[in-house]
Amino acid sequence: MVDLEILIGEKIKSSRDVSGGCIASNSVLTGQSGRKYFVKQYPGDQGESKAKAEVTGLTELMRQKIIRIPVIIGTAKNVVALEFVEKGRASAGFYESFGRSLAQLHRCSSKAGFGFTENNFIGDSLQINLPRSRNWREFYVLNRLMPQYKLMEKNGFTDSALNRLFEKMLSNLYKIIDNSAVFPSLLHGDLWAGNYFASTTGEAVIFDPAVYYGDRETDLAMTRLLGGFDEKFYLSYKNEFTLEYGSDERVRLYQLYHLMNHLNLFGSSYYREVIEIIKKYN
């Protein structure tokens, strides 16, 4: 068991649980100094792997010094301690600034190609980032869609008819994804409304990443999947970093990965939407 006082470097004055975490148990600790800490404890056999993956992802984002990331206070076994960032309100200009910052983050690239230094997690699912690839279309099929489809098979969501539709969709991707127009952008990887907020100083704070290097359009597609981003965010992004031709046509294709993951994690309520997208690209 991890000694939290050793982890944060001071005696704990008070502690309160924080709801909302479906992967980790979250709490806010207040030290004797008055400083607050956000502590995440990952349960289960993969707890240590998840904690390590989070630290690695946050570190990769933080070293760019573009968007605010909670500072890592310490980590031990299955526990990660972060600075506690007070949530504020999105004031005038917040979404414009956030959009510009995300575009600047997406300009950060990797000579090693698509993927990441290690596999990590998307929610509770393993996210396959290795081997690295120079071919984005191939990477998206082999490292994103295929692992989720295999889980769908394991979970009883597929049949022979769907297998044919899925294979047809994959054969059509060369018409939709132009490898020559894609370079490896640093991605948050799971950028939905629950993984950002405005701080009390008005800046965007992002957290709970599933970091890898991939097509920047995948981050934007995720922001549109569940809502929560003002249209000014997208206009500002595009002004900073113009999107490639056909980006609107690829939104649903890139949302498919997350919806397949939701289907595998949360059940059949996502089935119809997954099927609709697969049929769309047939």
Do we have any residue at all in segment 27-39 that's out of contact with any Asp or Glu (no Cβ under 8 Å at 6 or more places or on another chain), of a type in the set (Gly, Ala, Ser) and assigned to a helix (DSSP H, G or I)? no
For Lys168, are the conditions met, namely being more than 24 Å from the chain's Cα centre (by Cα), among the charged types (D, E, K, R) and surrounded by 13 or more Cβ atoms within 10 Å (Cβ to Cβ)? yes
Taking segment 41-99, which residues are among the aromatic types (Phe, Trp, Tyr) and either assigned to a strand (DSSP E or B) or in contact with a strand residue (DSSP E or B) (Cβ under 8 Å, 6 or more places away or on another chain) (or both)? Tyr42, Phe84, Phe94, Phe98
Picked from segment 1-26 (must be hydroxyl-bearing (Ser, Thr, Tyr) and under 23 Å from Ser125 (Cα atoms)), the residue modelled with the lowest pLDDT is Ser19
Right, Leu29: under 18 Å from the mean Cα position of the chain (by Cα), crowded, with 16+ Cβ neighbours inside 10 Å and hydrophobic (A, V, I, L, M, F, W, C) or not? no
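The values are calculated or read from the model by the stated rules, or taken from the named source; none is laboratory data. Keep in mind the model is a prediction, meaning the values are calculated, not measured. Cβ atoms come from the backbone with ideal geometry, glycine included; neighbour counts cover every protein chain shown.
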